[in-house]
Amino acid sequence: MAQPNYRAPKGTADMLPDIARVWEHLLLVAQDLFARYGYEPVYSPVFEHTDVFVRGIGEATDIVGKEMYTFEDKGGRSITLRPEGTASVVRAVLEHNLTANGQSTKLYYSGPMFRYERPQAGRTRQFWQIGVEALGMADPTADAEVIALMMQFFEDAGLPRERLQLLINSIGDENCRPVYRDTIAQFIRSHAGDLCEECVRRAETNPLRAFDCKNEGCRTVMGQAPQLRDELCDDCAAHYAAVKTNLDAVGVSYIEDPTLVRGLDYYTRTVFEVQAEGLGAQSAIGGGGRYDRLVEVFGGQPTPGLGFALGFERMFLALQAAGVEVPRPEIAEVFVARTVPELATEAFAITQRLRDGEIAAEMDHQGRSLKAQMKVADRLGAQFVVLVGPDEVAAGQVTLRDMTTKDEQRVDIADVVDVLYEALADVYMDEAEDMLDAIDGSEEI
Ligand code: AMP
């Protein structure tokens with residue numbers, strides 16, 4: 001057992017192969033899908049000048065107030081590990097002028113984020129997100145597109161739609177929100193006796209956050225608060241209506257949640273969140289919204305923007321709860337075993353020849369006996385073993401053993417890749433037929 005100091009820090013976890021494989025599967029799904037929607041990859045640093053987040057996310061938010069990993073570097077700069085992706089990506093877009101002359105840009109990212117939160121199932125201090133940011137697009141079709149993209153991602157990743165709930169809301173803009181904030185602050189003050197201390201304090205700092213309180217009593221009271229959707233200015237109301245029309249037009253179903261405000265200050269107008277079944281308290285698997293003022297906060301020209309981010313840890317839990325398995329790729333389709341230790345180099349050369357031929361091949365590097373090598377071949381699930389023995393090698397050949405039928409044949413080393421292609425193709429064809437039979441069978445039930 002590792003000493004406490006040599007264990008992963010509280011709130012972090014190693015992504016061992018069974019989990020890392022799911023992460024990589026999601027990255028492939030994202031790459032393929034996002035490219036079809038015109039998104040390109042971007043990687044920004046995992047740390048930024050602290051101001052990027054303080055100004056970008058907002059001083060009165062939980063993230064900035066309590067959750068950031070902030071430190072002074074050796075040059076005396078205040079540095080923060082990124083707690084989310086949007087502020088960094090928008091900073092990069094502005095720094096490199098990607099939206100100059102009214103150009104639009106669509107970017108996606110993935111990687112670790114850091115928040116000093118109380119760890120629990122689905123909530124960690126280092127967590128992994130996949131997200132998109134679309135800059136320069138003001139039309140409501142863009143909101144619908146980003147939302148549709150997120151829902152399509154879940155579907156392509158294998159999460160059944162019926163296990164997800166898409167919540168949407170509009171939180172207005174700089175015209176209508178300040179008035180509404182005052183209304184809510186007033187509402188909180190007049191219900192102070194029935195709300196938790198934190199919510200009462202929020203009246204003075206960030207009143208809309210009271211809608212996010214997990215306390216049942218506060219939720220009941222806030223459920224009776226005036227709703228912003230009734231007080232949106234004409235432009236925001238028209239924008240919100242058009243977002244819904246566009247979602248309806250492409251068959252993306254949603255639930256309007258007038259209490260959805262989300263925890264980051266930069267949002268304007270459309271906000272959305274997806275909740276998944278089977279996650280317990282941390283049921284939000286992804287979310288996002290529009291942030292039309294964020295570029296200006298960083299000193300740029302007014303530039304509309306919107307995006308979403310989804311969390312891997314919760315995605316993993318949701319996939320597990322739904323019984324979705326990411327297939328484990330074959331570690332070794334073929335195992336190369338030598339009958340005597342002296343043929344290690346020949347075995348290595350043949351293993352490399354197979355790998356050059358894009359066959360997943362493995363050999364022993366621990367001086368095992370033939371019997372032990374065959375056991376490893378079994379454990380790795382190899383379909384075939386290439387036996388390298390002195391007689392075969394003298395004749396420029398190897399023996400190929402089919403691990404299922406135990407049939408053996410001599411093959412010229414020069415032909416071994418081609419023979420294995422054919423043999424493996426037969427195996428995969430049989431497997432595919434079995435799979436189709438299973439699907440046909442299950443449809444009959
Ligand atoms: P947010 O940036 O807060 O809107 O979060 C977007 C998504 O990131 C959430 O829906 C979660 O899936 C994920 N997420 C946020 N915070 C955490 C955390 N502390 N641990 C794990 N996942 C998180």
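The values are calculated or read from the model by the stated rules, or taken from the named source; none is laboratory data. This one's a predicted model, so the numbers in the text were calculated from it and none came from an experiment. Backbone-built Cβ (ideal geometry, glycine too); neighbour counts: all protein chains shown.
Given the residues A332, A360, A322, which is the only one that is within 34 Å of the chain's Cα centre (by Cα) and within 16 Å of the ligand (Cβ to nearest atom)? Steps first, please.
Numbers: A332 fails: within 16 Å of the ligand (Cβ to nearest atom); A360 fails: within 16 Å of the ligand (Cβ to nearest atom).
On inspection, the qualifying residue turns out to be A322.
In the set T259, T245, which member is more than 23 Å from the chain's Cα centre (by Cα), hydroxyl-bearing (S, T, Y), surrounded by fewer than 19 Cβ atoms within 10 Å (Cβ to Cβ) and within 16 Å of the ligand (Cβ to nearest atom)? Before you say what the answer is, go through the steps one by one.
Numbers: T245 fails: within 16 Å of the ligand (Cβ to nearest atom).
Answer to the selection: T259.
With within 16 Å of the ligand (Cβ to nearest atom) and on the phi < 0 side of the Ramachandran plot as the only criterion, which of A372, A349, A276, A337 stands out?
Working: A372 fails: within 16 Å of the ligand (Cβ to nearest atom); A349 fails: within 16 Å of the ligand (Cβ to nearest atom); A337 fails: within 16 Å of the ligand (Cβ to nearest atom).
One residue alone meets the criteria, A276.
Do we find a residue being surrounded by 19 or more Cβ atoms within 10 Å (Cβ to Cβ), out of contact with any Leu (no Cβ under 8 Å at 6 or more places or on another chain) and within 27 Å of F154 (Cα to Cα) anywhere in segment 221-242?
Looking for residues that are surrounded by 19 or more Cβ atoms within 10 Å (Cβ to Cβ), out of contact with any Leu (no Cβ under 8 Å at 6 or more places or on another chain) and within 27 Å of F154 (Cα to Cα), one finds at least one in segment 221-242, hence yes.
Each row is one residue, and each column tells you yes or no for (1) modelled with pLDDT under 95; (2) assigned to a helix (DSSP H, G or I).
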residue: W23; (1), (2): no, yes
residue: D32; (1), (2): no, yes
residue: G38; (1), (2): no, no
residue: G56; (1), (2): yes, yes
residue: K74; (1), (2): no, no
residue: T80; (1), (2): no, no
residue: E84; (1), (2): no, no
residue: A92; (1), (2): no, yes
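Assigned to a helix (DSSP H, G or I) and at pLDDT below 95 - does that describe any residue in segment 297-310?
Scanning segment 297-310, I find at least one residue that is assigned to a helix (DSSP H, G or I) and at pLDDT below 95, so the answer is yes.
Out of A337, A344, A332, I need the residue that is modelled with pLDDT under 95 and over 30 Å from F272 (Cβ atoms). Which one?
On the way: A337 fails: modelled with pLDDT under 95; A344 fails: modelled with pLDDT under 95.
One residue alone meets the criteria, A332.
Scan segment 330-367 for residues that are part of a loop (DSSP other than H, G, I, E, B), in contact with a Pro (Cβ under 9 Å, 6 or more places away or on another chain) and either among the aliphatic types (A, V, I, L, M) or surrounded by fewer than 18 Cβ atoms within 10 Å (Cβ to Cβ) (or both) and jot them down. Spell out how you get there, then give the answer.
Filtering segment 330-367 down to residues part of a loop (DSSP other than H, G, I, E, B) leaves 330-333, 339-340, 357-360, 364-367.
With in contact with a Pro (Cβ under 9 Å, 6 or more places away or on another chain) added as a condition, the list becomes 339-340, 360, 367.
Within segment 330-367, V340, A360, G367 qualify.
Looking at segment 119-158, which of its residues are modelled with pLDDT of 95 or more, in a loop (DSSP other than H, G, I, E, B) and within 13 Å of the ligand (Cβ to nearest atom)?
P119, T124, R125, listed by residue number.
I'm told S190 meets every condition in (1) polar (S, T, N, Q); (2) surrounded by fewer than 15 Cβ atoms within 10 Å (Cβ to Cβ); (3) within 16 Å of the ligand (Cβ to nearest atom) except one. Can you identify the failing condition by its number?
(3)
Out of curiosity, is T345 outside the structural domain of F127 (by TED's automatic domain parsing) and in contact with a Leu (Cβ under 6 Å, 6 or more places away or on another chain)?
Values: outside the structural domain of F127 (by TED's automatic domain parsing): yes; in contact with a Leu (Cβ under 6 Å, 6 or more places away or on another chain): no.
Considered against the rule, which asks whether it is outside the structural domain of F127 (by TED's automatic domain parsing) and in contact with a Leu (Cβ under 6 Å, 6 or more places away or on another chain), T345 comes out as no.
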